[in-house]
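Each remark here refers to the structure printed beneath this line.
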Amino acid sequence: MASISADLKYEIIALRCAKPTASYWNSCMVIIKIFCVLCILALNFSIPVQAETQSMQDEHHHHNMTLDSSGLVMNSNDNTLPQDCDKLSRDYNIKVYAGTKYAADYPGTVFGMDQHEYQVEPCSRITVTFVNEDEVRHQWMIHGLPRYLYPGGMFHLEAAGGHSQTGTFIVPSDNKTYLVHCDMSQHMEKGMKAQLKVGKGSGDLWAIPGVSKGFIQDIYIPEEIWIYLMMVSIAGVVITTLLISSKRS
């Protein structure tokens, strides 16, 4: 037992004193190379993520966004005039209610607003209060504004369910009709859209509920027609039964 332990000690001492071989150094180099490659990959992954995060922060800052749990306001502007306006012509305060109940009068729609058309003067300042009466998020978004003043050419309100948001924007001097809609998935397609006419406007947009017709017209039979058809059918059955009974008698 003593001789075995002594042999092990000699082998350990010999291993410690032995010089590293070429294969040992090759193994070390392979490990170092693998470590360097992993570091480079990790660095390449982290840089785009940081850049994207910074870009999103810069973009949100550039869009003049205010955001909290109740919703957001983007590109609000209450004092900078468009380049073609010398002064403000008028102030408007518009309160818009949104919810499924406002779609009841428009067959084929699910979501709606209490107003689907707004008329304002050129170079006017418009303050919109958007009240969401549903339990899901809704938006009041307008497109086509001057991009030098409104990034992306848009003004945007978004309200969480049961909340409201208020924002202001100033329209330019040209006569134009702007699209107003909710950009949540399928909300515009289901009826949540309107139009803002500045001055004389540039015509009506397609498929604005209560304002203009769509490309494809849905055909609905009024409820009164169904009642009438049912009464005629019942009357026909009664008359036929009476005729058969009279012939038998």
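For region 87-228, compute Rg over Rh where Rg is the Cα radius of gyration and Rh is the Kirkwood radius from the inverse mean 1/r over Cα pairs.
With Rg and the Kirkwood Rh in hand, the quotient comes to 1.01.
Fully extended, how many nm does the chain gain between Tyr97 and Asp183 (0.36 nm per residue separation, minus their Cα-Cα distance)?
The Tyr97-Asp183 span can extend by a further 29.4 nm.
Need the full-extension length gain, Val232 to Val110, defined as separation in residues times 0.36 nm minus the C-alpha distance. One decimal, nm.
That pair, Val232 and Val110, stretches by 40.7 nm at full extension.
Around Gly201, what is the net charge, scoring Lys/Arg as +1 and Asp/Glu as -1 over all other residues with Cβ under 12 Å from its Cβ?
Once positives and negatives cancel, what remains is -1.
How would you rank Cys28, Cys123, going from fewest to most other Cβ atoms within 10 Å of each one's own Cβ?
Ascending Cβ contact count within 10 Å gives the list Cys28, Cys123.
List Asp183, Asp78 from most exposed to least, where exposure is judged by having the fewest other Cβ atoms within 10 Å.
Ranked by crowding around the Cβ, least crowded first: Asp78, Asp183.
If I model a spin label as a point 7 Å beyond the Cα along the Cα-Cβ vector, how far apart are those points for Asn175 and Leu88 in nm?
My value for the distance between the label points is 2.6 nm.
Determine the sum of side-chain charges near Ser212: Lys and Arg each +1, Asp and Glu each -1, restricted to other residues whose C-beta is under 13 angstrom from that of Ser212.
Summing Lys/Arg as +1 and Asp/Glu as -1 gives +1.
What is the order of Val198, Val136, Val238, fewest Cβ neighbours within 10 Å to most?
The fewest-first ordering by Cβ neighbours comes to Val238, Val136, Val198.
Coordinate-derived values only; no laboratory data. Here the structure is a predicted model, which means the values were calculated and not measured. Don't worry about glycine lacking a Cβ; one is built from the backbone with ideal geometry, like all the others, and counts go over all protein chains shown.
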